[in-house]
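Visitor: Encoded as structure tokens, here's the structure I'll be asking about.
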Amino acid sequence: MRWLLLFATLLSWVLSFTRHSPGALDFWLLLGLAGIVATALAFAQARIEANARPEPSIQLMRSQQQQKSSQD
């Protein structure tokens, strides 16, 4: 998905600089700016997700606490 966003953003930038009417230029520039933000967030989310540790389940944490308390 993030690669599709990157491609769409680059395409909108190319289209914005090849249009001759101001309305079309504004539309494609605005779409390009929104695409930059969306693409940056998508790549950041993928990077964070790749480095994140999985969350331990609550049941696992409770069983560990019960084992600790039973040992004491």
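Visitor: Output the residues belonging to the stretch 1-12 that are assigned to a helix (DSSP H, G or I) and surrounded by fewer than 11 Cβ atoms within 10 Å (Cβ to Cβ).
Guide: Correct list: TRP3, LEU4.
Visitor: Could you tell me whether PHE17 is over 21 Å from the mean Cα position of the chain (by Cα), surrounded by 13 or more Cβ atoms within 10 Å (Cβ to Cβ) and without any contact (Cβ under 8 Å) to a residue 40 or more places away in the chain?
Guide: Details: over 21 Å from the mean Cα position of the chain (by Cα): yes; surrounded by 13 or more Cβ atoms within 10 Å (Cβ to Cβ): no; without any contact (Cβ under 8 Å) to a residue 40 or more places away in the chain: yes.
Spelling it out, it is not the case that PHE17 is over 21 Å from the mean Cα position of the chain (by Cα), surrounded by 13 or more Cβ atoms within 10 Å (Cβ to Cβ) and without any contact (Cβ under 8 Å) to a residue 40 or more places away in the chain.
Visitor: When you scan the stretch 28-40, do you find a residue that is out of contact with any Leu (no Cβ under 8 Å at 6 or more places or on another chain) and touching a residue at least 24 places away in the same chain (Cβ under 8 Å), even just one?
Guide: Checked the stretch 28-40: at least one residue is out of contact with any Leu (no Cβ under 8 Å at 6 or more places or on another chain) and touching a residue at least 24 places away in the same chain (Cβ under 8 Å).
Visitor: Something else: Just to be sure, is ALA40 modelled with pLDDT of 85 or more and surrounded by 14 or more Cβ atoms within 10 Å (Cβ to Cβ)?
Guide: So ALA40 fits the description; yes.
Visitor: Hey, another quick one. From the list LEU15, LEU60, LEU25, exactly one residue is farther than 19 Å from ARG2 by Cα, in contact with a Gly (Cβ under 9 Å, 6 or more places away or on another chain) and assigned to a helix (DSSP H, G or I). Which is it?
Guide: Every option except LEU15 fails the conditions.
Visitor: So GLU49 ticks every box in (1) modelled with pLDDT under 95; (2) surrounded by 11 or more Cβ atoms within 10 Å (Cβ to Cβ) but one. Which box is left unticked?
Guide: Looking at each condition in turn, GLU49 falls short on (2).
The values are calculated or read from the model by the stated rules, or taken from the named source; none is laboratory data. Remember, predicted model here, so these are calculated numbers, not experimental data. Cβ: placed from backbone, ideal geometry, glycine included. Neighbour counts: every protein chain shown.
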